[in-house]
Amino acid sequence: MRLSPRVLCRAVGATWRESFPLHGRDVARWFPGHMAKGLKKMQSCLKLVDCIVEVHDARIPLSGRNPLFQETLGLKPHLLVLNKMDLADLTEQQKIMQHLEGEGLKNVIFTNCVKDENVKQVIPMVTELIGSSCRYHRREVSERPLMFLLDTPGVLAPRIDSVETGLKLALCGTVLDHLVGEETMADYLLYTLNRHQLFAYVQHYGLGAACDDIERVLKCVAVKLGKTQKVKVLTGTGDVNVIQPNYPEAARDFLRTFRRGQLGPVMLDLDVLQGRPPADADP
């Protein structure tokens, strides 16, 4: 989406928040407590498997991957599939690949399962990895060649140490929104978009100019969507009707719009690629 020169000039001249308030948030309650159990169950199935295909969100190729997953795999061939590539800004794709390679991941495919982009690369890659493995030569895979798929539920780290990482995961839909709070998530999304100078939300919602105040943004969104109601307020001179925006509904629409890709491609891990760890990560 192209913004008018007036909007861009005002946006460039604006001052954006350099940090997001992260403390005092209980990340532990955001994520289900069955993750450790799921990981143990996966370990018990590994002896039946010749190759591991890990699927992760391309908007967070570095954040949120389970640090125990790699050691759980042992020497099994491993393919990382980064899906939803159509929603991710892959300008720094080379840096992403270098970062993952530094973590021992050399086999990575970016895909968009909805449009079947690059999905057909998965089976040939799996076949090649199994064929070149010195330990696993029991079968081949698919109908030609014969392949069996053992699916497992998504498994995150049993404990998320960083609130910022938790917020990124939440934006990508890994937990129920209400556990984190839609308005909190919308505020973190606005903070991220502005820091990365991604101002498509301005034109999408007809805001006139970029803004770093989530309350003002959600008020405009609510008005545009017609999500308002009249509320009577008692004053010294009598009752006054006030238009009250529906902030939660506006926040939900802001999140839905982002997840549909209507705010343009976004790389939520840009800070990590630039060498800045989450502000609240353990030292």
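The values are calculated or read from the model by the stated rules, or taken from the named source; none is laboratory data. The model shown is predicted, which means the values in this text are computed figures rather than measured ones. Please note: Cβ atoms are built from the backbone with ideal geometry, for glycine as well, and neighbour counts cover all protein chains shown. Protein only, heavy atoms only, side chains kept; ligands, DNA and RNA dropped before computing areas. Shrake-Rupley method; radii C 1.70, N 1.55, O 1.52, S 1.80 Å.
Using a 1.4 Å probe over the heavy atoms of the protein chains, calculate the carbon and sulfur portion of the accessible area of the stretch 177-274 as a whole percent.
47 percent
Please find the FRET efficiency linking LYS115 to MET147, where r is the Cβ-Cβ separation and R0 is fixed at 30 Å, and quote it to the nearest 0.05.
Values: r = 23 Å, r/R0 = 0.75.
Efficiency for this residue pair is about 0.85.
Just reorder GLU164, GLU117 by solvent-accessible area, largest first, 1.4 Å probe, all chains present.
Putting GLU164, GLU117 in descending order of accessible area: GLU117, GLU164.
Can you give me the distance in nm between label points at ASP212 and THR91, each placed 7 Å from the Cα along the Cα-to-Cβ direction?
Going from the ASP212 label point to the THR91 one covers 1.9 nm.
Hey, can you grab everything whose amide H is under 5 Å from the amide H of PHE110? Only 5+ residues off in sequence or another chain; H modelled, so Pro and N-termini drop out.
Amide H to amide H, under 5 Å and 5 or more residues apart or across chains, PHE110 pairs with LEU82.
Please list, or write none, the lysines whose alpha carbon is within less than 19 Å of the alpha carbon of LYS84, excluding same-chain residues fewer than 8 places away.
Those lysines meeting the cut-off are LYS95, LYS115, LYS120, LYS168.
With each pseudo-label sitting 7 Å past Cα toward Cβ, what's the SER19-VAL223 distance in nm, one decimal?
Inter-label distance under the simple model: 3.3 nm.
Once the whole set of protein chains is in place, how much accessible area is left on THR152, using a 1.4 Å probe, in Å² to the nearest 10?
60 Å²
Counting only other residues whose beta carbon sits under 11 Å from that of GLN262, what net charge do I get with K and R as +1, D and E as -1? Display every interim value, and only then the final one.
Details: positive: ARG256, ARG259, ARG260; negative: ASP253.
So the surrounding residues net to +2.
Would you mind checking which residues have amide H under 5 Å from VAL53's amide H? H placed 1.01 Å from N; only 5 or more apart, or other chain.
Answer set, sorted by chain and number: LEU79.
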